[in-house]
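Chemist: Below is one structure. I have some questions about it.
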Amino acid sequence: MSTTGKRPAGRKYFLDMEFNAMPKGRYELISIGIVDETGREFYAESNEFNETLLNPWVLEHVVPLLGSKENRRSLADIRKGVEAFILAESDMAVFWAKNGSQDWFLFMNHVFDGFATLPAHVQTWYHELYQLASEKGKCIKGECKPYLPQQGEGAHNALDDARFDKLLWDYLDPLPSVK
């Protein structure tokens, strides 16, 4: 889907999720971060992932950035929190993410149990920030990272990653399209 020309109407939300990839294509949600275009934030950590099955990469890069176990929430509570965060605004919710296909899959299927329970004013697809970067001439031969701002600290904390995605949008949006 092209992001050139007229932007989708609605409020932009920047989404990131940390998860554990399991055998047989299963995923467990660890944390979710959402930042809207005005800077409002939502963050939650799940208490439903199996810590004994975490892969080494998650143990090294994600777990050290999590808060205390006492503040973790059930997926049902996370869903209620996300709904309240999104429903606080009446605009169509337009989601953006960087490398977001797995994040969007988890958002749709773990937070909302699929399309049937998605709030009516949430688009059923997300917009890819790297595609926007490509359309703005910030990707060369399929490589974007060297030509974009870099995140630095906080990578792999869902809220810090969502904040960075908003920063990336703020950097890219005013640039002219090259296509």
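Chemist: Which residue pairs have Cβ atoms closer than 6 Å, lie 6 or more positions apart in sequence or on different chains, and pair a first residue in the stretch 48-63 that is closer than 17 Å to A155 by Cα with a second residue that is in a loop (DSSP other than H, G, I, E, B)?
Modeler: Filtered contacts from the stretch 48-63: H61/H156; V62/H156.
Chemist: For the stretch 119-161: of the residues being assigned to a loop (DSSP other than H, G, I, E, B) and modelled with pLDDT of 90 or more, which is farthest from the chain's Cα centre (by Cα)?
Modeler: G137
Chemist: Shifting gears a bit: Please identify the pairs in which a residue from the stretch 81-103 that is free of Cβ contacts under 8 Å to residues at least 60 places away in the same chain has its Cβ atom under 7 Å from the Cβ atom of a residue that is in a helix (DSSP H, G or I) and aromatic (F, W, Y), counting only partners at least 6 apart or on another chain.
Modeler: N99/Y130
Conditions (1) modelled with pLDDT of 95 or more; (2) within 20 Å of T117 (Cα to Cα); (3) touching a Cys at 6+ places or on another chain (Cβ under 8 Å); (4) buried (at least 17 other Cβ atoms within 10 Å of the Cβ), marked per residue:
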residue: T4; (1), (2), (3), (4): no, no, no, no
residue: R26; (1), (2), (3), (4): no, no, no, no
residue: G39; (1), (2), (3), (4): yes, no, no, no
residue: I78; (1), (2), (3), (4): yes, yes, no, yes
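Chemist: Only residues that are of a type in the set (A, V, I, L, M, F, W, C) and in a loop (DSSP other than H, G, I, E, B): list them for the stretch 162-179, please.
Modeler: L175, V178
Chemist: Next up: Only helices (runs of 4 or more DSSP H) wholly contained in the stretch 5-112 count here; list those with 1 or more residues that are more than 18 Å from the chain's Cα centre (by Cα).
Modeler: By residue number, 56-61, 75-87.
The values are calculated or read from the model by the stated rules, or taken from the named source; none is laboratory data. What you see is a predicted model, and the numbers here were worked out from it, not measured in a lab. Reconstructed Cβ throughout: ideal geometry from the backbone, glycine too, with neighbour counts over all protein chains shown.
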